[in-house]
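Quick notes on the structure that follows.
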Amino acid sequence: MADLTALEQLVPQVRRDILRMVHQVNSGHPGGSLGCTEFFAVLYNHMMEINEGFNMDGVGEDLFFLSNGHISPVYYSILARRGYFPVEELATFRKIDSRLQGHPTTHEELPGVRIASGSLGQGMSVAIGAALAKKLNKDSHLIYSLHGDGELQEGQNWEAIMYAAGNKVDNLIATIDWNGQQIDGATEDVLPLGDIGEKFRVFGWDTVEIKNGNDLASVVGGLEEAKSRTGKGKPVAVMLKTVMGNGVDFMMYTHAWHGKAPNDEQLATALEQNPATLGDY
Amino acid sequence: MKYTDQGKQDTRSGYGAGMTELGRTNPKVVALCADLVGSLKIQTFIDENPERFFQVGIAEANMMGIAAGLTIGGYIPFTGTFANFSTGRVYDQIRQSIAYSDKNVKICASHAGITLGEDGATHQILEDIGLMKMLPGMTVINPCDFNQTKAATLAIADWHGPVYLRFGRPKVANFTAPDQIFEIGKALTMQDGTDVTLVATGHLVWEALIAAENLANQGISAEVINIHTIKPLDEEALVRSARKTGCVVSCEEHNFLGGLGESVSRTLAQHLPTPQEFVATKDTFGESGTPAQLMEKYGLNNKSIEAAVLKVIKRKAQ
């Protein structure tokens, strides 16, 4: 098992970044960001083979695509703390003239971001295209992507899911953040998704389930298992069960904090639950 | 007329010929298609470069996203399907994953406009130029014949940035030079004139040349400008010609809302207000029929251009 000490330090700091970023501009999406913190921490600091510096084409390294772009706070925090850009720049989130737009974009040339996302359902197609390019380039590195569970209501995903299986895109690990919540309520109430893993399997994917997506050891184990299944003729989907708002007690088990920032008092309470470990931006 | 028809051909075959050449000369070019290989005339490219062809099935949204992703590995993807399914159906995918993401994707669209013919209005898009020209950073090209479409296909591979390349289904006159160099954004003055400027794009360039010949017999000297690149528009060439002739007729196989004509109007309004008439569809859907019947009924042929010229010249005199 990997040494989780560094990751254990990183996680509460990223949560602080997320909370402070959305609080500062009284907007943004803390819920899904907090729920995916462990995933991002493991992905960028344990799983992915990443070259120094940033090159858009990313030849000779693993690449990641965020499809559910609204969880930009966690993405930006992780990218900054991985060294893609100065941590201080997190203070510009959602402000005028910033590279840290409300939803991620390549348009402002923020290092680490390779596609714009925000309008949902498009990232899996893009990830597949990048995976096909890897194969053309005879580059054995992997493509990772993240998608919301509610996002799977967008039909383009199913075109992509069908394509990836039919064309044996087996250098792709697509993770579904299965938190069961979306803006208007529980996915079960808004538009039931059924057994997402079974749907992927029926379409011809291999799947791995991470039952506790907010436990670092489980995420490491699950993603390593997923990686071991690549290169075997099937794309791999990871069912990552998370709790939206994880790490802040009053934000958990509800869709209420999907796209709402805490006020001053709420922020203070939330930060008390996530002590500074690496220094605030 | 100084141009002769070298034999009727479809512009989509010009695209196919261009792709064949790119397949042999540019190893970064990859092709995608949404179940319309025969219509897009790319079988030779596929036969010669099977590893660089991606059949995505009837899933255009996915095709646009995959194309965006392929650029991230350093490739130049050319997507292929009908114009209707290349634009309106996938507008948000193009907007976010390609245009806003600055991806070097070439969106190649066949069966544009009303000359698609018998399939009718579901497939005859007359709004695509407007849709695509409104996207920041998008280049919009509508070549006039087989030779120019082939040349344009080659040119866009060397042009960095997203491009919309629009071409058609029917066999039409092939009258431009086979070995032409295609300069993106450069208007071509096909014929000099002094009384009126015909600004035409796509299939309407040939119609404009015929109209100019007929007008010459009536003593009217028409300048014919081929605007193959609607965006970026060669504003200087337009203003120069309008200054000389004093009136303009724009000619396009597209709705007059959002098309070439409006780009011309905007340019002239800003730099040299000039009387203008529009040969275009007038905010309507098409219908089934032969291309010739439809061009006649919807006012898109040389006769319609002549009528518009007589009208705009009178306005100039007022």
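The values are calculated or read from the model by the stated rules, or taken from the named source; none is laboratory data. Everything numeric here is computed off the predicted structure, so don't read it as measured data. Glycine also receives a Cβ, built like all others from the backbone with ideal geometry; neighbour counts cover every protein chain displayed. All accessible areas refer to the heavy atoms of the entire protein, side chains included, with ligands and DNA or RNA removed. Shrake-Rupley method; radii C 1.70, N 1.55, O 1.52, S 1.80 Å.
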- Message: Residue pairs, Cβ under 9 Å, 6 or more apart or interchain, first in segment B:209-231 and more than 29 Å from residue B:140 (Cα to Cα), second in a strand (DSSP E or B) and of a type in the set (Gly, Ala, Ser). List them.
- Response: B:215/B:222; B:216/B:222
- From the list A:100, A:110, A:152, A:142, pick out the single residue that is under 21 Å from residue A:202 (Cα atoms), more than 10 Å from chain B (Cβ to nearest Cβ), crowded, with 18+ Cβ neighbours inside 10 Å and hydrophobic (A, V, I, L, M, F, W, C). A:152
- Message: Out of everything in segment B:37-80 that is surrounded by fewer than 17 Cβ atoms within 10 Å (Cβ to Cβ) and at the interface with chain A (Cβ under 8 Å from one of its Cβ atoms), what residue ends up being nearest to residue B:11 (Cα to Cα)?
- Response: B:57
- Message: Can you pull out every residue in segment A:155-180 that is of a type in the set (Gly, Ala, Ser), within 13 Å of chain B (Cβ to nearest Cβ) and under 16 Å from residue A:240 (Cβ atoms)?
- Response: A:174
- Message: For segment A:125-139, give me each residue that is polar (S, T, N, Q) and surrounded by 22 or more Cβ atoms within 10 Å (Cβ to Cβ).
- Response: A:125
- Message: Restricting to segment A:123-139, give me the number of residues that are in a helix (DSSP H, G or I) and more than 7 Å from chain B (Cβ to nearest Cβ).
- Response: 4
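Per-residue answers, yes or no, for (1) at pLDDT 95 or above; (2) open to solvent by less than 50 Å² (accessible area, probe 1.4 Å); (3) in a loop (DSSP other than H, G, I, E, B):
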| residue | (1), (2), (3) |
| --- | --- |
| A:224 | yes, no, no |
| A:245 | yes, yes, yes |
| A:266 | yes, no, no |
| A:275 | yes, no, yes |
| A:278 | yes, no, yes |
